[in-house]
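Working notes for the structure below.
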Amino acid sequence: MIERRLKIGSRGSKLATMQSYIVLKQLNKFFPELVFELKIIKTKGDKFLEEDFSKIQGKGIFTKEIEERLISGEIDIAVHSLKDLPTELPEELTISAILPRDNPEDVLISKQNRLFLELPEGAKIGTSSLRRIVQLKRIRPDFVFVPLRGNVPTRVKKLYHSDLDAIILARAGLERLGMGYTITEILPTEVIIPAVGQGAIAVEIRKDNDFAREITESLNNIETEFAVRAERAFLRRLGGGCRNPISAFATIIDYEIFIDGFVASPDGESFVRHSTFGDALNPEKVGTQLAETLLAMGAREILEGSPVNISTQS
């Protein structure tokens, strides 16, 4: 009997390998007759974890090297945090499955378990995410934001070995690593819109690999897929490669998609946010329509860097 083997490519961080094992476990369950091999691949982002990612040139800093090995045939399947995947994939590749989305919220981890609104005036908050900073500033303009880099366990450790009062991280990553106990407060998506695709794991394959497609499609969650397709269409229309804070979060309610999104200037002075409903069977249209609405509300000037001072939320 010929052994059928599929190679799975992943980053080597604890979180990335944990996510790959989630995929591996499901594939072993559905296809016990197959052999799956995990291959760790170091990406550009892994080499510069302590650097400011906004200053690193190029898209896909956590995915490019993995995709190159996928295209070359060195691996058959790639596992990513969906939020790391650019909205425009290489021509040879496609997303074959998106697993059920885990909790998408951002969370606060603070010393002395102080809640967000209980933090002292001028509290130092660790995060390198402009998306988080511009939204948090609208609630607590007194906060001082301090760059925080490294993998998830490293960031948590830095909180307790620094003068930081709190840090902001993604809930799903902490919980996948068994570190949910560190969470002080969950920040609702109505307050802080998560990154596009946050909480979702994506499986990427070559378009011409029919066997990998057949195997991995069994992992796909339709509800998550349609929600993140709307989010990624929103980001794609606005120019997902730009350095402005942009995000959207979509949910399926009955047969409709509800999507909430924003665009801001890097300093947060100009900010537009809006939400809308649309047909769940046409997620790209819903996401694109929200993007068009925000462009008409002032996002176009924000993205072009024009001197505007827009601060709208509806």
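Which count do you get for residues in region 208-228 that are surrounded by fewer than 23 Cβ atoms within 10 Å (Cβ to Cβ) and among the polar types (S, T, N, Q)? Here the count works out to 4. Suppose we keep only residues that are aliphatic (A, V, I, L, M) and assigned to a loop (DSSP other than H, G, I, E, B) within region 24-53. Which one would you say is modelled with the lowest pLDDT? Applying the filter and picking the extreme gives Leu49. In region 221-254, the residue that is farthest from the chain's Cα centre (by Cα) out of those that are assigned to a loop (DSSP other than H, G, I, E, B) and under 17 Å from Glu284 (Cβ atoms) is Gly239. Report, by residue number, each residue of region 155-178 that is in a helix (DSSP H, G or I) and modelled with pLDDT under 95. Within region 155-178, Tyr160 is the sole residue that qualifies. Taking Val191, is it over 22 Å from Gly60 (Cβ atoms), surrounded by 13 or more Cβ atoms within 10 Å (Cβ to Cβ) and either in the same structural domain as Ser275 (by TED's automatic domain parsing) or among the aliphatic types (A, V, I, L, M) (or both)? Yes. Since Lys59 meets every condition but one in (1) surrounded by 19 or more Cβ atoms within 10 Å (Cβ to Cβ); (2) in a loop (DSSP other than H, G, I, E, B); (3) at pLDDT below 90, which condition does it not meet? Against the list (1) surrounded by 19 or more Cβ atoms within 10 Å (Cβ to Cβ); (2) in a loop (DSSP other than H, G, I, E, B); (3) at pLDDT below 90, Lys59 comes up short only on (1). Of the residues Ile222, Ile215, Ile201, Ile205, the single one that is farther than 23 Å from Pro90 by Cβ and not polar (S, T, N, Q) is Ile222.
The condition (being within 30 Å of Ser270 (Cβ to Cβ) and in a helix (DSSP H, G or I)) is satisfied by just one residue among Arg131, Arg149, Arg213: Arg131. Which of the residues that make up region 125-151 are out of contact with any strand residue (DSSP E or B) (no Cβ under 6 Å at 6 or more places or on another chain), over 23 Å from His161 (Cβ atoms), touching a residue at least 60 places away in the same chain (Cβ under 8 Å) and among the basic types (Lys, Arg)? Matches in region 125-151: Lys137, Arg138.
When region 208-247 is filtered for residues that are out of contact with any strand residue (DSSP E or B) (no Cβ under 6 Å at 6 or more places or on another chain) and over 29 Å from Asp106 (Cβ atoms), the ones remaining, listed by number, are Asp208, Asn209, Asp210, Phe211, Glu214, Ile215, Ser218.
The values are calculated or read from the model by the stated rules, or taken from the named source; none is laboratory data. As the structure is a prediction and not an experimental result, all values here were calculated from the model. Don't worry about glycine lacking a Cβ; one is built from the backbone with ideal geometry, like all the others, and counts go over all protein chains shown.
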